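Participant: My structure is below; once you've seen it, I'll send some questions.
The values are calculated or read from the model by the stated rules, or taken from the named source; none is laboratory data. Since the structure is predicted, the reported quantities are computational estimates derived from the model, not experimental observations. Cβ atoms come from the backbone with ideal geometry, glycine included; neighbour counts cover every protein chain shown. We work out accessible area using only protein heavy atoms, side chains counted, and drop any ligands, DNA or RNA first. Shrake-Rupley method; radii C 1.70, N 1.55, O 1.52, S 1.80 Å.
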Amino acid sequence: MNMVYLNGSFMPIDEARIPVLDRGFLFGDAVYEVVPVYDRHPFRLDWHLQRLQNSLDGIRLKNPMSTDAWKSLFLAMIEKHTQKNQSIYLQVTRGVAKRDQAFPMSTPPTLFMMSNPLHTPSPEDIENGVSAITSEDFRWLKCDIKSTSLLGNCLLRQLSAEQGATETILFREGQLTEASTSNVFIVKNNVLLAPVSNHLLLPGITYQVILEIAREREFELEVRDISAAETLSADEIWLTSSSKEVLAVTRLNGQPVGEGKPGRVFKRMHALFQALKREGQ
Ligand code: PMP
């Protein structure tokens, strides 16, 4: 039985109901998080809860729970599911109120959480890499808020889905931002390049873990603006997210990236990331 949490209680997913006037439904007036759980331990939970706080601050919504209460809820959710590896989704909306764009005065937020089995990349995708296409990034200017208003991301992801590709890599005014559901790194001449984390992209937890590993292990690293031209001529391109972990892009717009197979720097980073996961850090 898939048990979900809604506003204070656990229930089977089929019994969970949201009123049609919920602002999450009407306006996408809500924020969310997705936390991977490895071997029944949430990975970097403190970082996810900090990003949740930043997203709530970004939409001027009070955090409905303390950090300790969030942690207890995560442990309770993990307990209710048998899988060792889970993907825990949580969402906080501005609650149910008469339809009006301006915020309601004092409406309790809606709090929803669910767990699904965690699907990480297949051995084939790790071995061969995946394909991606590129597009102009036409989303809003607050992409650092992890908002459920994901229409832009959905439209952009659909472009690659229709071409049988894994991701849509985005450029805004000629600069790399991220992809429709993940962050992007490139490698050129053995230097790992990461776009600067600002309002144009989501500060991925995996992005931050990759930067941490790169610094600790003394990768040659530059965090700076990356042009579309640099991306299109990169030796390696990586996608990172809580479900993709770190995954190589080996075809971009139908052309091979570098030698058309996952590169040397990717292989090193992938192994270090897997080791970190196993240590439960
Ligand atoms: N960017 C976007 C647009 C995303 O939706 C995601 C998460 N799916 C990420 C980046 C990666 O974030 P994280 O590493 O925290 O999963």
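Participant: At 1.567 mPa s and 4 °C, plugging the Kirkwood radius over alpha-carbon pairs of the range 3-117 into Stokes-Einstein gives what diffusion coefficient in µm²/s?
Facilitator: Working: Rh = 14.7 Å.
Using the Kirkwood radius from Cα pairs, D works out to 88 µm²/s.
Participant: Taking the Cα centre of the range 123-278 as the origin, how large is its charge dipole in debye, to the nearest 20, when only Lys and Arg (+1) and Asp and Glu (-1) carry charge on their Cβ atoms?
Facilitator: 320
Participant: If exposed chymotrypsin sites (Phe, Trp or Tyr not before Pro) are those in a DSSP loop with at most 16 other Cβ within 10 Å, what is the longest stretch of the chain that has none?
Facilitator: Details: sites that count: Phe138, Trp140.
Segment 141-281 is the longest.
Participant: Quick check: at a probe of 1.4 Å, how many percent of the accessible area of the range 117-172 sits on carbon and sulfur atoms? Before the final figure, lay out each step's value.
Facilitator: Values: 1620 of 2940 Å².
Carbon plus sulfur share of accessible area: 55 percent.
Participant: Now for a separate question. Modelled label-to-label distance, Asn63 and Gln50, 7 Å Cα→beta-carbon offset: nm?
Facilitator: The two pseudo-label positions are separated by 1.1 nm.
Participant: Round to a whole number: what % of the accessible area of the range 230-281 belongs to carbon and sulfur, probe 1.4 Å? Mind showing how you got there, number by number?
Facilitator: Numbers: 1160 of 2410 Å².
Here carbon and sulfur together make up 48 percent of the probe-accessible area.
Participant: Over the range 123-278, give the accessible area per residue in Å² for a 1.4 Å probe, as an integer. Write down the numbers at each step before the final one.
Facilitator: On the way: 7140 Å² over 156 residues.
The answer is 46 Å² per residue.
Participant: Which one, Asp137, Asp235, Asp39, has the greatest fluctuation when you compute a Gaussian network model over the chain with C-alpha springs under 10 angstrom?
Facilitator: Greatest mean-square fluctuation among the candidates belongs to Asp39.
Participant: Still on this model: Can you pull a Stokes-Einstein diffusion coefficient for the chain at 4 °C (1.567 mPa s), Rh from Kirkwood over Cα pairs, as a whole number of µm²/s? List each step's numbers first, then the result.
Facilitator: Working: Rh = 19.8 Å.
Diffusion coefficient, whole number: 65 µm²/s.
Participant: Need one word for the range 123-278: rounded, prolate or oblate. Basis is the Cα gyration tensor (sqrt eigenvalues a ≥ b ≥ c); a/c below 1.5 gives rounded, then a/b vs b/c decides. Numbers along the way, then the final one.
Facilitator: Values: a/c = 1.42, a/b = 1.23, b/c = 1.16.
It comes out rounded by the Cα gyration axes.
Participant: Still on this model: Per residue, how much accessible surface does the range 3-117 expose to a 1.4 Å probe? Answer in Å², no decimals. Walk me through the numbers on the way to the answer.
Facilitator: Numbers: 5940 Å² over 115 residues.
It amounts to 52 Å² per residue over the range 3-117.
Participant: Going down the table (Lys71/Lys188; Lys71/Lys244; Lys80/Lys142), which pairs top 30 Å between alpha carbons?
Facilitator: Lys71/Lys188; Lys80/Lys142
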